[in-house]
Structures are given as structure tokens and as C-alpha cells.
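For reference, the structure is listed below as C-alpha cells.
The values are calculated or read from the model by the stated rules, or taken from the named source; none is laboratory data. This is a predicted model, so every value here is computed, not measured. Don't worry about glycine lacking a Cβ; one is built from the backbone with ideal geometry, like all the others, and counts go over all protein chains shown. When the accessible area is computed, the model is the full protein with side chains, heavy atoms only, and any ligands, DNA or RNA have been set aside. Shrake-Rupley method; radii C 1.70, N 1.55, O 1.52, S 1.80 Å.
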Amino acid sequence: ASAILLNKDQTTATIVAEYLRPGATSRLHTASSLVDVPTLQYLLAHKTPLVVTEAQSDPNLASIRERLTKNGVVSLLSLPLIISEEVVGSLELEIDEPRRFSYDEVKLAYNVADQVAGSLARVRLDEERRRLERQYHQAQKMEAVGLLAAGIAHDFNNLLTAINGFAELMQRQISPTH
């Protein structure tokens, strides 16, 4: 079983969690081009689970057949992680024997994928909230600098008004020929 996340522009898939059978090769933190991950291509196009009973003979999985054979994967269940109607990754269950997944098994796994997607959505919302808070605090700082500059300009204008007033008074006291 593995969890795969897509990058923001949906071009790269990275394995972020996995549970391995003994002897299987770890792919944790491995990034792959979306072109090399046919299961995710399917999920992006259909937004529904991919259920494959004979993964090694499925023509749609030819690009990963060598890895499937090496790890002894026979059946495959791939579930989309969907946030706001956008596929952001998948949960994949790889089975080492031919298996027809029942409707209830697929539904249960899909519910788990929905829970994982919900958790991811909360993490993303929390990150966005922190980013907006930082942006808001920066705007507050800029507003404070603006108010300070406006206050200084106002005080400077008051000084200039007094200087202009005294200059006019002095000019009136001096004779025009001076």
C-alpha cells in the first residue's frame, strides 16, 4: 500500500507513505513524472477508483509492468485523493494474488481515501491561513509606517506654515527698497 501526492501543477507524483511486504523494494520519497504513473493518469481523467484484477497483463499498466512483476503485484486498487473536485494524489493497494475486489471493499477503501483527502484539505487550509496571517501582519506594518509618515509630513507642514507666516511678517516690516 502507498500514498502518492501530486505537485501543484500535476506533473510530478511523489510517494509520501508506504507499507511494504517483506522483500519489496521501497520507493518512499521517490518522485516520478506523471507520464510514468498510469494509475494517476487514469485517476486524473476519471476521478473514480481503478480496480485491476490482473495488473501484469493489463495493457494500460505496461509502463510499470516491470516494477509490478518485481514486487509480485497481481491485483491493484488505486483510489483518488480528491480535494475541491481536484485529484491531488492516490492511495494504492497492491495485492500479490489475483483478487476481485467486492463493491463493499472498494467503497470502504474509497471512504478511507476521502478521509485522507479531508485531512490533506485541512492541512492546506491551515497553511493558507498562516500565509494570509503573515500577509495581514505585513499589511498592518505598512499601514503603521504610512500613518507615521503622514504624521511627520503633517508636523513638517505645520513648521513650514509658521516659517512662511514669520517670513511674511518680516517682509512687511522691511521697506520695499531694502
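Conditions (1) within 30 Å of Thr30 (Cα to Cα); (2) within 18 Å of the chain's Cα centre (by Cα), marked per residue:
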position	(1), (2)
Arg67	yes, no
Glu86	yes, yes
Asp104	no, no
Ala113	yes, yes
Val116	yes, yes
Arg130	yes, yes
Asn158	no, no
Ser175	no, no
His178	no, no
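Please go through the stretch 10-19 and pick out each residue that is more than 10 Å from Val88 (Cα to Cα) and out of contact with any Lys or Arg (no Cβ under 9 Å at 6 or more places or on another chain). Please lay out each step first, then the result.
Here is the first cut: in the stretch 10-19, the residues more than 10 Å from Val88 (Cα to Cα) are 11-12, 14-19.
Once the filter is applied, which keeps residues that are more than 10 Å from Val88 (Cα to Cα) and out of contact with any Lys or Arg (no Cβ under 9 Å at 6 or more places or on another chain), the stretch 10-19 yields Thr11, Thr12, Thr14, Val16, Ala17, Tyr19.
Among what's in the stretch 82-120 and is open to solvent by less than 40 Å² (accessible area, probe 1.4 Å) and of a type in the set (D, E, K, R), pick the residue that is modelled with the lowest pLDDT. Lay out the reasoning, then the answer.
Within the stretch 82-120, the subset open to solvent by less than 40 Å² (accessible area, probe 1.4 Å) is 83, 87-92, 94, 101, 106, 109, 113, 117-118.
Now drop any that are not of a type in the set (D, E, K, R), which leaves 92, 94.
Working: Glu92: 90, Glu94: 84.
It comes out as Glu94.
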| task | Please find, among Leu132, Leu160, Leu147, the residue that is at pLDDT 90 or above, part of a helix (DSSP H, G or I) and open to solvent by 90 Å² or more (accessible area, probe 1.4 Å). | result | Leu147
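Does Leu6 count as among the hydrophobic types (A, V, I, L, M, F, W, C), crowded, with 16+ Cβ neighbours inside 10 Å and more than 22 Å from Ile95 (Cα to Cα)? Full working, then the answer.
Numbers: among the hydrophobic types (A, V, I, L, M, F, W, C): yes; crowded, with 16+ Cβ neighbours inside 10 Å: yes; more than 22 Å from Ile95 (Cα to Cα): yes.
Yes.
Residues checked against (1) within 13 Å of Leu43 (Cα to Cα); (2) touching an Asp or Glu at 6+ places or on another chain (Cβ under 9 Å):
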residue	(1), (2)
Glu66	no, no
Lys70	no, no
Gly89	yes, no
Pro98	no, yes
Phe101	no, no
| field | Lone unmet requirement of (1) closer than 18 Å to Glu18 by Cβ; (2) free of Cβ contacts under 8 Å to residues at least 12 places away in the same chain for Ala45 | value | (1)
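For the stretch 52-64, check the following and say yes or no: at least one residue is open to solvent by 60 Å² or more (accessible area, probe 1.4 Å) and either closer than 18 Å to Gly89 by Cβ or under 18 Å from the mean Cα position of the chain (by Cα) (or both). Show your work before the answer.
Taking the stretch 52-64 and keeping what is open to solvent by 60 Å² or more (accessible area, probe 1.4 Å), we get 54, 56-57, 59-60, 63.
Then drop every residue that is not either closer than 18 Å to Gly89 by Cβ or under 18 Å from the mean Cα position of the chain (by Cα) (or both), which leaves none.
No, the stretch 52-64 contains no residue that is open to solvent by 60 Å² or more (accessible area, probe 1.4 Å) and either closer than 18 Å to Gly89 by Cβ or under 18 Å from the mean Cα position of the chain (by Cα) (or both).
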| Taking the stretch 19-34 as the region of interest, how many residues are farther than 18 Å from Lys8 by Cβ and of a type in the set (A, V, I, L, M)? | 3
